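Asks: One structure follows; several queries about it will come next.
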Amino acid sequence: MISDADVARYEEDGAICLRGAVPGEWIERLRAGIDAAIANPGPMKRITSKLGEPISFLDSQLWQRHDDCRAFIFESPAPALAAQLMKSREVVLYHDRLQVREAGAAERTFWHHDQPYYPIDGRQVVSFWLPLDALSRELCIEYVCGSHRWGRWFQPTLAHRGEAQVDDPRFEPMPDIEAERGRHEFLAWDVEPGDVVAYHALTLHGATRGATSQHRRRTWEIRWCGDDVRYAQRVGPISPRLDGHGLVPGDPLRCAMFPKVWPR
């Protein structure tokens, strides 16, 4: 369990590193499940590196295909930690995402926040970012401290799919965070397997430094939702696109695709 101070820091900053939050036996199980996913990727795998560069790729919904990943979702301490951070009575799984960068691949992630890409409304949405390998701060995502409290939603874009910007008055253009670095506080950490970086779905984050490592990097993210989250209609880019759930706008996010995982 985590302290009241941890919860207060998450609420204030929008991102926190929880040291040693995942016991070692769960890390070993996750490594087995994730290595199985790397060897046998699912239909949602997407290459993110350019031709000729060391491979980087994403894959989603490992919990549906790999027993060790599913066990973590339903049996590990993680859902209880998410409930504490969100101050939610219940926790529902939204989705999971694997990211693999082979040795020599650069860490580049454009500035964005996640929730504009999701067909969900509500404030109780938290992501857990779990490193399966030790990573220095330079190889990790940066988070703009407190940006989840700005009350702003920035335009989602999936340029690689050729999708246009969304015609929705809620969304505004993404500011030039690099040009504004002097105006913001940035959060990033050296991390070890067992650490969890938890961040709000409206916290701006990115990695434009282009840092590289001589070792493979495996990270797994899990999105959790709380009591106030409802399915919402979105136009434009949705990532990942999860169809067949049968929900309509206004429905609680709870079904076979988005299962309740806490309390057990």
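The values are calculated or read from the model by the stated rules, or taken from the named source; none is laboratory data. No experiment lies behind these values; they were computed from the predicted model shown. Positions of Cβ are generated from backbone atoms using ideal geometry, with glycine treated the same way; all protein chains shown enter the neighbour counts. Heads up: the accessible areas ignore ligands, DNA and RNA and are worked out on the full protein's heavy atoms, side chains in. Shrake-Rupley method; radii C 1.70, N 1.55, O 1.52, S 1.80 Å.
Asks: Assuming residue 121 fulfils every condition listed in (1) at pLDDT below 90; (2) of a type outside the set (Gly, Ala, Ser); (3) over 15 Å from the mean Cα position of the chain (by Cα) apart from one, which condition is it?
Replies: Of (1) at pLDDT below 90; (2) of a type outside the set (Gly, Ala, Ser); (3) over 15 Å from the mean Cα position of the chain (by Cα), only one is false for residue 121: (1).
Asks: Next question, about the same structure. Could you list, in sequence order, the residues of segment 190-212 that are buried (at least 19 other Cβ atoms within 10 Å of the Cβ) and not β-branched (Val, Ile, Thr)?
Replies: Listed by number, the residues that qualify are 193, 195, 198, 199, 200, 201, 202, 204, 205, 206.
Asks: Give the residues of segment 55-80 that are in contact with a strand residue (DSSP E or B) (Cβ under 9 Å, 6 or more places away or on another chain) and either open to solvent by less than 10 Å² (accessible area, probe 1.4 Å) or assigned to a strand (DSSP E or B) (or both), sorted by residue number.
Replies: Answer for segment 55-80, where residues must be in contact with a strand residue (DSSP E or B) (Cβ under 9 Å, 6 or more places away or on another chain) and either open to solvent by less than 10 Å² (accessible area, probe 1.4 Å) or assigned to a strand (DSSP E or B) (or both): 56, 57, 58, 59, 60, 61, 62, 69, 72, 73, 78, 79.
Asks: Quick test for you: out of 104, 151, pick the one residue that is closer than 23 Å to residue 11 by Cβ, open to solvent by 10 Å² or more (accessible area, probe 1.4 Å) and part of a loop (DSSP other than H, G, I, E, B).
Replies: Values: 104 fails: closer than 23 Å to residue 11 by Cβ.
Selected residue: 151, the only one of 104, 151 that is closer than 23 Å to residue 11 by Cβ, open to solvent by 10 Å² or more (accessible area, probe 1.4 Å) and part of a loop (DSSP other than H, G, I, E, B).
Asks: Right, here's the next one. Take the conditions of a type in the set (Gly, Ala, Ser) and on the phi > 0 side of the Ramachandran plot and apply them to residue 14. Does it pass?
Replies: Working: of a type in the set (Gly, Ala, Ser): yes; on the phi > 0 side of the Ramachandran plot: yes.
When the stated conditions are applied, residue 14 passes them.
Asks: I'm trying to understand the selection: among the residues of segment 7-23, which are open to solvent by 50 Å² or more (accessible area, probe 1.4 Å) and in a helix (DSSP H, G or I)? Even if it seems obvious, please write down each step before you answer.
Replies: In the first step, residues of segment 7-23 are kept if they are open to solvent by 50 Å² or more (accessible area, probe 1.4 Å); the result is 8-9, 11-12, 19-20.
Those that are open to solvent by 50 Å² or more (accessible area, probe 1.4 Å) and in a helix (DSSP H, G or I): 8, 9, 11, 12.
Asks: Filtering segment 214-233 down to residues that are over 20 Å from residue 86 (Cα atoms), out of contact with any helix residue (DSSP H, G or I) (no Cβ under 8 Å at 6 or more places or on another chain) and not polar (S, T, N, Q), which residue is surrounded by the most Cβ atoms within 10 Å (Cβ to Cβ)?
Replies: My answer is 216.
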